[in-house]
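Sharing a structure with you now.
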Amino acid sequence: MCLKSFKITNWIVLYFGLVGLFWQVECAENKYDNYSLIKIYPTGIQQIEALKYLEEPEHQVEILKKSRSFNDSTDILVSPNDVPFVKEFIKNESLNYELKRNYGRSFESVERTPKRRILRGFSFYEYHSFPAIQEYLDNLAKRQPDLVKLQNLGTSYQGRRMKLVKISSDHNAQNPIIFVDAGIHAREWVAPAMALYLIHRLVNDPDARKELDGVDWYILPVVNPDGYEYTRTSRANRLWRKTRSKNSQFECFGVDGNRNYGFKWAVSGVSTNPCDKETYAGPKPFSEVETQMVRNIMMENSKRMKLYVSLHSYGQYLVYPWGYTGEYLPKEWKKLDTMARIVSDAVQKAGGQPFKVLSAGKWYAAAGGSDDFAFGAVGVPYSYTMELTNGFEFIYPERLLRTVLPQYYEGFRAFAAQIKKEFCSKYIGQRCKINSSEESGTNS
Ligand SMILES: [Zn+2]
């Protein structure tokens with residue numbers, strides 16, 4: 001496709017002496033169009049081990065998702081030139097697989113005009129720009145000042161103003177805190193959409209009083225706004241994952257925010273190459289201003305924070321620490337596991353798919369995640385990464401949000417009920433009296 005465009009117009013390009021530039025822009029725009037998505041289904045430990053070969057950087061394979069169970073796929077994006085090599089590998093290892101050609105052509109183009117928004121209001125079943133999200137939250141806080149407060153956190157690397165949404169029926173109550181963040185990985189659009197839907201239901205649904213009394217909700221719907229906006233600029237950038245900070249030494253952008261947290265940092269499952277597109281852990285723990293913000297929210301509220309959920313996509317997993325190792329589990333793993341299964345049941349009861357529940361590092365260890373930091377360094381007793389949706393990879397269609405977001409909301413209701421059950425010894429009005437005996441803090 002790039003070649004064809006070049007041929008037709010090359011006399012103009014040569015005239016202006018812009019061959020290189022033109023080539024670059026034209027090809028970058030269509031980069032993924034001819035790529036193939038290959039879904040590989042490992043059926044044994046040996047095959048899982050074999051798949052590590054594809055991860056080696058020289059193979060130029062982009063890994064979208066790694067399998068965490070035998071019924072699940074490892075999904076990779078492969079350029080047309082590399083398809084024969086990957087197919088050969090698959091054949092040698094006797095792996096089951098599916099191949100979708102021209103994968104990039106399925107990416108939607110995203111930029112929406114502000115006009116449409118003004119005419120139709122803010123829909124929770126669409127993907128919005130970061131400015132539109134901020135505008136919605138500002139208006140919500142103005143309309144419901146008793147329920148919603150915004151805390152300024154400062155600005156992202158590129159200067160976008162970030163605000164923590166605090167929802168409480170009594171902001172002086174000192175209730176247990178449920179902290180939910182989303183969108184540390186830029187391309188996982190369904191995660192911020194879920195965080196916004198959660199905010200919407202908690203604030204606007206009269207039945208949500210139950211979820212609000214005795215619990216304070218802190219929600220940061222877009223942790224990585226620079227990356228998020230970058231994925232909206234063109235189809236070529238739609239699969240960007242990292243932040244957008246500049247590494248001057250290497251002329252490469254971004255850090256994987258979910259490898260950047262300062263607990264067992266970089267001990268497993270990370271890249272030390274700043275130009276790695278997926279899992280570069282950063283030059284040091286908390287090198288990114290965005291992960292510093294999340295850290296600060298956790299540290300400042302560590303006593304009351306009882307649950308942390310980081311929203312990601314995709315794969316329909318609800319995983320808990322440890323992420324940095326698959327060798328062993330935290331000693332409280334049974335409690336973590338039980339709560340996750342209660343949440344999964346609630347989602348399933350609402351018509352959704354159950355979550356696959358396990359420890360994050362069981363199949364592949366990856367250090368520096370926010371869930372490990374919350375649990376291991378801050379002492380938040382319940383900490384999870386929730387991988388929303390299965391199917392459509394990162395390009396989850398807007399038309400399905402109306403179905404799945406309410407299902408996941410039932411999971412959050414279950415979370416709130418469990419937190420109250422465990423941590424409130426009694427209620428005084430809408431306030432929860434936090435159990436004095438619960439200060440287990442075994443992880444701090
Ligand atoms: Zn993610």
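The values are calculated or read from the model by the stated rules, or taken from the named source; none is laboratory data. What you are looking at is a predicted structure, and each value in this text was computed from that prediction instead of being measured. With ideal geometry, Cβ positions are generated from the backbone for all residues, glycine too; neighbour counts draw on all protein chains shown.
Being over 21 Å from Val319 (Cβ atoms), out of contact with any Asp or Glu (no Cβ under 6 Å at 6 or more places or on another chain) and at pLDDT 90 or above narrows it down to one residue among Leu37, Leu18; which is it?
Exactly one of Leu37, Leu18 is over 21 Å from Val319 (Cβ atoms), out of contact with any Asp or Glu (no Cβ under 6 Å at 6 or more places or on another chain) and at pLDDT 90 or above, namely Leu37.
For Met299, work out the one condition from (1) surrounded by fewer than 23 Cβ atoms within 10 Å (Cβ to Cβ); (2) at pLDDT 95 or above; (3) within 19 Å of the chain's Cα centre (by Cα); (4) not aromatic (Phe, Trp, Tyr) it doesn't fulfil.
Among (1) surrounded by fewer than 23 Cβ atoms within 10 Å (Cβ to Cβ); (2) at pLDDT 95 or above; (3) within 19 Å of the chain's Cα centre (by Cα); (4) not aromatic (Phe, Trp, Tyr), Met299 violates only (3).
Results for (1) modelled with pLDDT under 95; (2) within 18 Å of Met293 (Cβ to Cβ); (3) touching a Gly at 6+ places or on another chain (Cβ under 6 Å), shown as yes or no for each residue.
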{"position": "Asn204", "(1), (2), (3)": "no, no, no"}
{"position": "Glu211", "(1), (2), (3)": "yes, no, no"}
{"position": "Gly214", "(1), (2), (3)": "yes, no, no"}
{"position": "Leu220", "(1), (2), (3)": "no, yes, no"}
{"position": "Arg241", "(1), (2), (3)": "no, no, no"}
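Shifting gears a bit: Please pick out the residue among Asn175, Asn224 that is crowded, with 24+ Cβ neighbours inside 10 Å, within 16 Å of the ligand (Cβ to nearest atom) and of a type in the set (S, T, N, Q).
Unique residue meeting the criteria: Asn224.
Another question, if that's okay. From Ala182, Ala208, Ala141, which residue is within 19 Å of the chain's Cα centre (by Cα) and either within 16 Å of the ligand (Cβ to nearest atom) or among the aliphatic types (A, V, I, L, M) (or both)?
Within the list Ala182, Ala208, Ala141, the selection yields Ala182.
Evaluate the following for Glu229: is it more than 22 Å from Glu62 (Cα to Cα), outside any loop (DSSP other than H, G, I, E, B) and among the charged types (D, E, K, R)?
Spelling it out, it is not the case that Glu229 is more than 22 Å from Glu62 (Cα to Cα), outside any loop (DSSP other than H, G, I, E, B) and among the charged types (D, E, K, R).
Look through Gln151, Gln158, Gln134 and report the one residue that is in a loop (DSSP other than H, G, I, E, B), modelled with pLDDT of 95 or more and over 24 Å from Gln418 (Cα atoms).
On inspection, the qualifying residue turns out to be Gln158.
Also: Among the candidates Arg232, Arg238, Arg244, Arg201, which residue alone is in contact with a strand residue (DSSP E or B) (Cβ under 9 Å, 6 or more places away or on another chain) and either touching a residue at least 12 places away in the same chain (Cβ under 8 Å) or within 16 Å of the ligand (Cβ to nearest atom) (or both)?
Only one candidate qualifies: Arg244.
Name the one entry in Leu358, Leu307 that is in contact with a helix residue (DSSP H, G or I) (Cβ under 9 Å, 6 or more places away or on another chain) and either under 24 Å from Val165 (Cβ atoms) or not in a strand (DSSP E or B) (or both).
Residue meeting the stated conditions: Leu307.
OK, next. I need the full set of residues from the stretch 185-197 which are more than 9 Å from the ligand (Cβ to nearest atom) and in a helix (DSSP H, G or I), in order please.
Residues satisfying the conditions are Val190, Pro192, Ala193, Met194, Ala195, Leu196, Tyr197.
State whether one or more residues within the stretch 325-348 are within 19 Å of the chain's Cα centre (by Cα) and within 15 Å of the ligand (Cβ to nearest atom).
There is no residue in the stretch 325-348 that is within 19 Å of the chain's Cα centre (by Cα) and within 15 Å of the ligand (Cβ to nearest atom).
Right, next: Take the stretch 236-264 and flag every residue that is in a loop (DSSP other than H, G, I, E, B) and surrounded by fewer than 20 Cβ atoms within 10 Å (Cβ to Cβ).
Hits for the stretch 236-264 are Ser248, Gln249, Phe250, Glu251, Gly262.
Condition test on Trp363, is it surrounded by fewer than 22 Cβ atoms within 10 Å (Cβ to Cβ), over 21 Å from Leu220 (Cβ atoms), more than 15 Å from the chain's Cα centre (by Cα) and within 16 Å of the ligand (Cβ to nearest atom)?
When the stated conditions are applied, Trp363 passes them.
Filter the stretch 392-411 down to the residues that are in contact with a helix residue (DSSP H, G or I) (Cβ under 9 Å, 6 or more places away or on another chain) and assigned to a loop (DSSP other than H, G, I, E, B), then identify the one that is nearest to the ligand (Cβ to nearest atom).
Phe394
Sticking with this one: Based on what the data block shows, is Gly368 at positive phi, away from the ligand (no atom under 16 Å from the Cβ) and not aliphatic (A, V, I, L, M)?
no
While we're looking at this one, here's another question. For the stretch 55-106, list the strands (runs of 3 or more DSSP E) that sit wholly inside it and hold at least 1 residues that are within 23 Å of the chain's Cα centre (by Cα) and of a type in the set (Lys, Arg); which are they?
In the stretch 55-106, the matching strands (runs of 3 or more DSSP E) lie at 62-65.
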